[in-house]
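Worksheet for the structure shown next.
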Amino acid sequence: MPVFEYAPAPESRAIANLKDHYKPFVNGEFVDGSGEPLKTINPATEEVLAEVGTASKSDVDTAVKAARKAYDSVWSKMPGTERAKYLFRIARLIQERSRELAVLESLDNGKPIKESRDSDVPTAAAHFFYHAGWADKLEYAGYGPNPKPLGVAGQIIPWNFPLLMLAWKIAPALATGNTVVLKPAETTPLTALVFAEICQQAELPPGVVNILPGAGDIGASIVEHADIDKIAFTGSTDVGKAIQRQVAGTAKKLTLELGGKAANIVFEDAPLDQAVDGIVNGIFFNQGHVCCAGSRLLVQESIADEVLEKLRYRVSTLRIGDPLDKNTDVGAINSAEQLAKIRGLVESGDAEGAQRWTSPCPVPDRGFFFAPTVFANVHQSMRIAREEIFGPVLSVLTFRTPDEAVAKANNTPYGLSAGIWTEKGSRILWMANQLRAGVVWANTFNRFDPAAPFGGYQESGFGREGGRTGLEAYLSV
Ligand code: NDP
């Protein structure tokens, strides 16, 4: 089959309204943080995008005080019908500024514009719309007649879905009457600070949302602050464990959404072309920087050669490069550190004897890029089968029977997601019951909806975000 050449179709970077300098957002205003400013870069070109003021420990204290005051005096007292209007306004403003947010996200994070435009930003708006609907119905949510908010929530988010993770955290917190102090990741602070502008536009009362850019130590200061009632964290399992140790023995509530090593399981009766596209979406979406990525492909032995051949062909058609080009499928790796981590794990795959295939696609010589890679002949003991690579690298294992598929899928310290590809509904239900994973997709992968709870087992963390269940994490019930 011929592969068509595409003409460049770059989105205009001017839409991002990039400023030279951004500031922390405390008590409804942009303030000079007293931390060391950081420079955020475009991972596709390594150029500096902007200087960002950061918070210090004393700024954390000021932000928590502002959040407490807003909680006590305004937000916890406001009827749900009124809170809902603010969430609704925020959702509409995200939609109105969606092109700006999408371009800014792709510049700061490196993800392809078609993903930030069609997935991250609309799903972030959807979270606010969805939670606006809950704000006045909490007493009917099954948590008793009078569920109460917790107070001030400290929220720490990673760099892989900067605006979307912010929405996952802030929308349920506000809907349930809590106020927020949020730290975006050091490498991707920009859309969070545009979101702060949106809070101003929506005339959200000062102090309800506070945004503090900074490094991990600012995250730790939020976690240890005595006047925080709840911590919500998404990120690596190691930092999640450290946070759990930090809050042990305090009254703080905690939810942790951590890493994963999901099995995407393909049976011989699956619709193979559809499955191949699902495998590609499962691991190459967002450069594989996805906690629930289908990074372990388990394929039934009888079809393994055919699936690998189809997969290599399909992956070789993916276009890697400029995140702002509308035809780009795989963008930039978010940072030099992450690129080094991916390279290290891929080298371990070579050293341990897995069979590496890398897409022959042209790779830009500037910026942080990694060509889509598929490892065959992977054994369960190899690092590439056990550790989260968080990059565009797929490990392929085989199985013969459904029981063997379940045993291999569950042979992981994680438990965030899984995928099943088969035409048999009974097998889907049986497998879904056996798999120890928070989300199980059937004949699809990486589908998200604000109404569907998301979260993990084991080292993937605890607590759920989204849906009715997700409200519980922000309520005293
Ligand atoms: P981290 O867990 O270090 O970062 C997540 C967030 O926590 C960031 O905002 C980070 O700040 C902050 N943070 C760092 N240290 C602390 C601390 N001691 N207390 C409180 N907050 C802290 O992830 P990395 O960015 O370092 O990524 C490393 C690996 O983690 C990846 O390779 C991937 O395997 C995994 N990961 C998993 C994610 C998921 O969605 N489950 C998301 C991101 C990463 P700062 O950004 O400034 O360091």
Can you list which of the GluC sites (Glu not before Pro) found in the stretch 382-453 are DSSP loop residues with at most 14 other C-beta atoms within 10 Å? 423
Using the beta-carbon distance between residue 318 and residue 448 and R0 = 25 Å, what value does 1/(1 + (r/R0)^6) give for FRET efficiency, to the nearest 0.05? 0.70
With a 1.4 Å probe and every protein chain left in place, work out the accessible area per residue of the stretch 191-278 in Å², rounded to a whole number. 33 Å²
Could you work out Rg/(2.2 N^0.38 Å) for the chain, with Rg from alpha carbons only? 0.96
Ordering of 67-76, 164-173 by packing [mean C-beta count within 10 Å, highest first]: 164-173, 67-76
Length gained if residue 12 through residue 139 is fully extended, taking 0.36 nm per residue and subtracting the Cα-Cα distance, is 41.1 nm
For residue 114, go through the aspartates and glutamates and keep the ones whose alpha-carbon is under 12 Å away, minus same-chain ones fewer than eight residues off. 11, 105, 322, 325, 329
To the nearest 10 degrees, how steeply does helix 190-201 sit against the main Cα axis of the chain, on a 0 to 90 scale? 40 degrees
Restricting to DSSP loop positions (anything but H, G, I, E, B) with no more than 15 other Cβ atoms inside 10 Å of their own Cβ, which trypsin sites (Lys or Arg not before Pro) remain in the stretch 392-430? 400, 424
May I ask you to give the percent of accessible area on the chain that is carbon plus sulfur, with a probe radius of 1.4 Å? 51 percent
Among 333, 33, 351, which residue has its Cα positioned farthest towards the positive end of the charge dipole of the chain, with +1 placed on the Cβ of Lys and Arg, -1 on the Cβ of Asp and Glu, and the dipole taken about the Cα centre? 33
Over the stretch 317-433: Rg over Rh, Cα atoms, Kirkwood Rh: 1.02
Treat each spin label as a single point 7 Å out from the Cα along the C-beta direction, and report the residue 4 to residue 226 distance in nm. 6.6 nm
Report the charge-dipole magnitude of the chain in Debye, nearest 20, computed about the Cα centre from +1 at each Lys and Arg Cβ and -1 at each Asp and Glu Cβ. 1080 debye
Leaving out ligands and nucleic acids, note down the accessible area per residue over the stretch 327-477 with a 1.4 angstrom probe, in whole Å². 42 Å²
Taking r as the C-beta separation of residue 72 and residue 215 and R0 as 25 Å, the FRET efficiency to the nearest 0.05 is 0.25
Jot down the radius of gyration and Dmax of the stretch 223-354, Cα atoms only, both in angstrom. 19.2, 58
So the FRET efficiency between residue 269 and residue 39, C-beta based with R0 = 51 Å and rounded to 0.05, is 0.45
Counting Lys +1, Arg +1, Asp -1, Glu -1, what net charge surrounds residue 121 among other residues with beta carbon under 10 Å of its beta carbon? -2
Of the listed peptides 177-188, 220-231, 105-116, 362-373, what is their order by residue-averaged count of other C-beta atoms within 10 Å, with the highest listed first? 105-116, 177-188, 220-231, 362-373
Whole-number accessible area per residue in Å² for the stretch 1-133, which is evaluated in the context of all protein chains at 1.4 Å: 48 Å²
Calculate the spin-label point distance for residue 51 paired with residue 85, positioning each point 7 Å from the Cα along the beta-carbon direction, and give it in nanometres. 4.1 nm
Average projected area [Cα convex hull, the stretch 384-451], square nanometres: 5.4 nm²
So, in nm, how far is label residue 356 from label residue 309 when the simple model puts each one 7 Å beyond its Cα toward the Cβ? 2.6 nm
Rg/Rg_globular for the stretch 56-200, with Rg_globular taken as 2.2 N^0.38 Å and Rg from C-alpha atoms: 1.05
For the stretch 295-378, max minus min Cα coordinate along each principal axis, in Å, sorted largest first? 40, 29, 18
On the Cα set of the stretch 6-124, report Rg and Dmax in Å, please. 17.6, 57
Over 18 Å, how big is the tail of the calculated P(r) for the stretch 10-75, in percent of all Cα pairs? 51 percent
Pull out the extension gain between residue 248 and residue 476, defined as 0.36 nm times the separation in residues minus the alpha carbon to alpha carbon distance; nm, one decimal. 80.2 nm
Residues in the stretch 269-310 that a label on residue 363 would reach, taking backbone N under 11 Å of a point 7 Å out along Cα→Cβ: none
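The values are calculated or read from the model by the stated rules, or taken from the named source; none is laboratory data. Just so you know, these numbers come straight off a predicted model, no measurement behind them. Counting neighbours? That spans all protein chains shown, and the Cβs are built from the backbone with ideal geometry, glycine included. SASA here: full protein model, heavy atoms, side chains in, ligands and nucleic acids out. Shrake-Rupley method; radii C 1.70, N 1.55, O 1.52, S 1.80 Å.
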